[in-house]
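Asks: Would you mind keeping the following structure in view while I ask a few things?
Just so you know, all these numbers are worked out from the coordinates, no wet-lab data involved. Because the structure is predicted, anything quoted here is derived from the model rather than measured. For neighbour counting, all protein chains shown are included, and Cβ atoms are generated from backbone atoms with ideal geometry for every residue, glycine included.
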Amino acid sequence: MSHDVYEPPKVWAPEEGNGGKFANTNRPTSGATHEKELPSGDHPFQLYSLATPNGVKVTMMLEELLQAGHTGAEYDAWPINIMEGDQFGSGFVAINPNSKIPALFDKEADVRIFESGAILFYLAEKFDAFLPKETKARAECMSWVMWQMGAGPFLGGGFGHFYAYAPEKYKYPIDRYTMEVKRQLDLLDKHLADNEYMVGSKYTIADMTIWPWYGVLAQGKLYEAAEFLDVESYKNVQRWTAQVADRPATERGRIVNRAWGETWEQLPTRRSAEDIDKKLASK
């Protein structure tokens with residue numbers, strides 16, 4: 001393991017094989033690298049995603065809407081294999097020029113939506129659900145959604161990368177991002193001491209935005225870092241995590257576009273509610 005001090009060049013240029021689990025998906029330019037059309041089904045919404053935390057936010061929301069009786073939220077979910085570069089296909093780039101999952105297409109409105117937070121806001125407003133109407137509660141909800149969007153990269157691209165995926169482990173970046181993730185967990189724990197959900201007693205898109213990252217982290221299922229971060233010590237986060245996990249829509253949403261784990265929880269493509277029913281029945 002090298003510990004040489006890095007001296008940045010005057011003008012940076014990418015190197016071949018820069019290392020790390022996702023090295024092949026990283027490049028300094030945007031746009032499509034190849035022509036590839038996206039599949040499309042008959043439902044109003046077409047989701048192109050993967051069951052990473054950002055992807056699970058959207059499938060949790062769609063399943064919550066369906067559970068609440070919003071039949072117009074029916075969707076087809078198609079897998080985007082980011083390790084094989086599906087996100088750089090021309091069809092996907094047309095929906096999300098940023099080449100990141102998830103991306104959603106509303107067929108009836110002819111609207112594309114990208115960025116997970118934007119997708120949740122779009123669906124919440126379209127169906128008038130899971131977003132408070134009262135000014136104070138709405139502002140609180142929007143603030144926590146934006147908090148996660150800003151805080152998440154410190155957990156994922158920061159802590160997750162240097163702790164779990166970087167080709168070499170260095171003390172400084174791991175300590176730096178561990179400090180921040182612990183601060184975030186402490187923030188959530190103190191907030192949840194006085195709130196059943198992120199916005200008082202109401203389950204909202206704020207919970208759906210935060211749970212796939214910090215709830216799964218609290219479950220010990222993210223980066224194999226549960227002991228390292230002492231996640232069990234955040235008792236209020238643990239209580240909230242279990243409460244959200246027990247919702248039927250959470251169980252349903254987390255398996256959509258998933259191609260790893262136990263056989264029963266793998267549903268790469270979702271064409272109907274029955275697809276999920278069959279998988280959960282085999283649990």
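Asks: Build a GNM of the chain with springs between Cα atoms under 10 Å: which of Phe22, Phe228, Phe154 gets the top mean-square fluctuation?
Replies: Its mean-square fluctuation being the largest, the pick is Phe228.
Asks: Then there is this: Are there any helices in the chain, counted as whole DSSP H runs, that stretch 30 Å or more along their axis by Cα and score at least -1.0 on average by Kyte-Doolittle, and if so which? All intermediate terms of the calculation are to be shown ahead of the outcome.
Replies: Numbers: long enough: 171-192 (31 Å, -0.93).
Membrane-span-like by this criterion, though nothing is claimed about a membrane: 171-192.
Asks: Taking only DSSP H segments of four or more residues, each worth -39500 (n - 2.57), what value at 222 nm results for the chain once the sum is divided by all its residues, to the nearest 500 deg cm²/dmol?
Replies: On the way: 10 runs with 110 residues, N = 283.
After summing the helix terms and dividing by the residues of the chain, the value is -12000 deg cm²/dmol.
Asks: By DSSP, what percent of the beta bridges with both residues in the chain are antiparallel, rounded to the nearest 5? Show your work: numbers first, answer last.
Replies: On the way: 11 of 18 bridges.
So the antiparallel bridges in the chain amount to around 60 percent.
Asks: Once label points are set 7 Å from the Cα along Cα→Cβ at both Val11 and Asn236, what is their separation, rounded to one decimal in nm?
Replies: Result for the modelled spin labels: 5.2 nm.
Asks: Now a separate question. So for the chain, averaging the separation of alpha carbon pairs under 8 Å that are six or more residues apart and normalising by length, what relative contact order in percent results?
Replies: 21 percent
Asks: Treating only the Cβ of Lys, Arg, Asp and Glu as charged (+1, +1, -1, -1), what charge dipole size does the chain show about its Cα centre? Round to the nearest 20 debye. Walk me through the intermediate numbers first.
Replies: On the way: 31 positive and 40 negative charges, 64 e Å.
Approximately 300 debye in magnitude.
Asks: Which of the peptides 48-57, 104-113 is most tightly packed, and how do the rest follow, going by the mean number of other Cβ atoms within 10 Å of each residue?
Replies: On the way: 48-57: 24.6, 104-113: 15.6.
Packing proxy ranking, top to bottom: 48-57, 104-113.
Asks: What residues qualify as long-range amide H neighbours of Thr269, i.e. H under 5 Å apart, gap of 5 or more or another chain, H built at 1.01 Å from N?
Replies: Counting only residues 5 or more places away or on other chains, the set is Asn257.
Asks: Right, next: Taking the convex hull of the Cα atoms, report for the chain its projected area averaged over all directions, in nm². Mind showing how you got there, number by number?
Replies: Working: hull surface 66.0 nm².
Answer in nm², one decimal: 16.5.
Asks: Quick check on packing: order 172-185, 31-44 by the mean number of other C-beta atoms within 10 Å, highest mean leading. Before the final figure, lay out the partial values.
Replies: Details: 172-185: 16.1, 31-44: 13.3.
Order by mean packing, descending: 172-185, 31-44.
Asks: Once label points are set 7 Å from the Cα along Cα→Cβ at both Arg176 and His70, what is their separation, rounded to one decimal in nm?
Replies: Roughly 4.0 nm, to one decimal.
Asks: Which one, Asn24, Asn96, Asn236, has the greatest fluctuation when you compute a Gaussian network model over the chain with C-alpha springs under 10 angstrom?
Replies: Looking only at Asn24, Asn96, Asn236, the biggest GNM fluctuation is shown by Asn24.
Asks: Quick one: if you stick a label point 7 Å off each Cα along the C-beta vector at Glu108 and Ile95, how many nm between them?
Replies: 1.8 nm
Asks: Something else: Say a paramagnetic label sat at a point 7 Å from the Cα of Asp186, along Cα to Cβ; which residues of segment 153-176 have their backbone N under 20 Å from it?
Replies: In segment 153-176, the label zone of Asp186 (backbone N under 20 Å from the point 7 Å along Cα→Cβ) covers 153-156, 158-160, 172-176.
Asks: Charges only on Cβ, +1 for Lys and Arg, -1 for Asp and Glu: so what's the dipole of segment 135-246 about the Cα centre, in debye to the nearest 20? Mind showing how you got there, number by number?
Replies: Numbers: 12 positive and 14 negative charges, 54 e Å.
With only Lys, Arg, Asp and Glu charged at Cβ, the dipole is about 260 debye.
Asks: So, in Å, what gap is there between the alpha-carbon centers of segment 120-191 and segment 55-101?
Replies: About 20 Å separates the Cα centre of segment 120-191 from the one of segment 55-101.
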